[in-house]
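Input: a single structure, listed below in structure tokens.
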Amino acid sequence: MRAARFHARQDVRIDDVPEPAPGPGQVLLRPGYAGICGSDLHLVHAPEAVGVDPTRPHPLTGAQPPQVMGHEFAGTVEQVGEGVTTVRPGDRAAVFPIFSCGRCAACTTGRVNACRTVGFLGLTAEGGGMSEHVVVAAERLHLLPDGVDLRLGALVEPMAVAWRAVTASRVRPGGSALVAGAGPIGIGLWFALRARGVERVVVSEPSAVRRAAVAALGAHVVDPAAEDLAKTVDPLTDGAGVDAAFDAAGAAPAFLATLASLTPGGRAVVVAAHEQAVELNPTMLVLGETEVVGSLAYLPADFDAVIAAMAEGAYDTTGWVEERPLADLLAALADLGEARASKILLTI
């Protein structure tokens, strides 16, 4: 079968690999779609940024390159292994990709997403959705109800990142928010906020392509490179500032803008990875009694919440999600790296 595999830095190939077979407690899944994530870009260009050392096995999973890629995917069950009773052939499901140790301080307090040795299918654990078949544990499947197709199912993983970040913000229905960055996570934040009753949302994005994509969905957008962000936020909040602000850009100006936009006592959520340090005078936090929290990945409950919201029609892929064949992976990675696209799903 065909599979996209990471071999080493700057070395990704579409290989022919053996067909897998499910063991006890496992299922054989045929992926329908697999999303390309920013983590996949890191894997190709800077693998250490996502915990991959090509010279040694991962400390938790034992996996090492060549690694089948793809941790955002949904597919159809084709076979079930011995002892599997929760799913059956023909079921459609999104796949929860996190591996956790169960012993560290994060795991023992319920934060398996922040496990000290966390692993991910398609990054640091065997298996990945960018393949014609994949074997996964049945317990990793989150079934998709009628009305949620495999295309939406492949978006559950990144949308769950955004859903958890909105939970971390503690913003309430009727509140207000700023989202800095309109990549897939930023768009997911906009969807999650609206699904949870937060209608007054400004999305700040310097890329014209991404700004147009989220604006077409109905978002109130601003170009931070050409417009005064405060002049957009103030009328929305009667000058009070937003209740919650999200850094989904991973750039210092975006992070600082989120802090400056908050109402006193507001909360900023950092959901993007920063490659460089940000210079900040903490007095800025003191004067506004501002809270800053980080939000990492998701828990299984976030998958379930996103799927339920999708079933209610809260998500729309029009204009920001495009499909390409698996063979076009390298070109798709290049386009995403240059912000020439918002979200690309590979058809498997």
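Descriptive notes on the structure:
- Some residue of segment 228-239 being touching a residue at least 12 places away in the same chain (Cβ under 8 Å), under 27 Å from G313 (Cβ atoms) and not charged (D, E, K, R): yes
- Sole exception among (1) open to solvent by 20 Å² or more (accessible area, probe 1.4 Å); (2) more than 16 Å from H71 (Cβ to Cβ); (3) of a type outside the set (G, A, S) for R140, by number: (2)
- Set L285, L280: member being over 26 Å from A215 (Cα atoms), aliphatic (A, V, I, L, M) and in a helix (DSSP H, G or I): L285
- Residue match in segment 17-40 (condition: within 23 Å of G181 (Cβ to Cβ), β-branched (V, I, T) and at pLDDT 95 or above): yes
Yes/no per residue for (1) closer than 25 Å to L345 by Cβ; (2) buried (at least 19 other Cβ atoms within 10 Å of the Cβ):
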{"site": "G147", "(1), (2)": "yes, no"}
{"site": "A160", "(1), (2)": "yes, yes"}
{"site": "S169", "(1), (2)": "no, yes"}
{"site": "F191", "(1), (2)": "yes, yes"}
{"site": "R210", "(1), (2)": "yes, yes"}
{"site": "A215", "(1), (2)": "yes, no"}
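- Where R103 falls short, out of the listed (1) assigned to a loop (DSSP other than H, G, I, E, B); (2) under 22 Å from Y33 (Cβ atoms): (2)
- Residues of segment 314-345 classified as free of Cβ contacts under 8 Å to residues at least 24 places away in the same chain and farther than 30 Å from L259 by Cβ, total: 7
- For segment 112-137, the candidate set comprises residues that are part of a strand (DSSP E or B), more than 18 Å from the chain's Cα centre (by Cα) and not small (G, A, S); within that set, the residue that is surrounded by the most Cβ atoms within 10 Å (Cβ to Cβ) is V134.
- Residue in segment 87-95 that is under 16 Å from the mean Cα position of the chain (by Cα) and buried (at least 24 other Cβ atoms within 10 Å of the Cβ) present: yes
- Residues of segment 37-73 satisfying the condition of being of a type in the set (A, V, I, L, M, F, W, C) and touching a Lys or Arg at 6+ places or on another chain (Cβ under 8 Å): V44, A46, V68, M69
- A Cβ distance below 6 Å, combined with a sequence gap of six or more or placement on separate chains, defines the contacts here; from segment 193-207, residues that are over 16 Å from G313 (Cβ atoms) reach residues that are hydroxyl-bearing (S, T, Y) and not in a loop (DSSP other than H, G, I, E, B) in the pairs R200/S176; V202/T232.
- Unmet criterion (only one of (1) more than 19 Å from the chain's Cα centre (by Cα); (2) buried (at least 19 other Cβ atoms within 10 Å of the Cβ); (3) of a type outside the set (V, I, T); (4) under 22 Å from S207 (Cα atoms)) for L326: (4)
- Filter result (modelled with pLDDT under 95 and β-branched (V, I, T)) within segment 186-213: V209
Results for (1) closer than 30 Å to M130 by Cβ; (2) hydrophobic (A, V, I, L, M, F, W, C); (3) open to solvent by less than 40 Å² (accessible area, probe 1.4 Å), shown as yes or no for each residue.
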| site | (1), (2), (3) |
| --- | --- |
| G266 | no, no, yes |
| E279 | no, no, no |
| L287 | no, yes, no |
| Y298 | yes, no, yes |
| M310 | yes, yes, yes |
| G337 | yes, no, no |
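The values are calculated or read from the model by the stated rules, or taken from the named source; none is laboratory data. Since we're looking at a predicted model, the values are computed, not measured. Backbone-built Cβ (ideal geometry, glycine too); neighbour counts: all protein chains shown. Remember, those area values only see protein heavy atoms, side chains included, never the ligands or the DNA or RNA. Shrake-Rupley method; radii C 1.70, N 1.55, O 1.52, S 1.80 Å.
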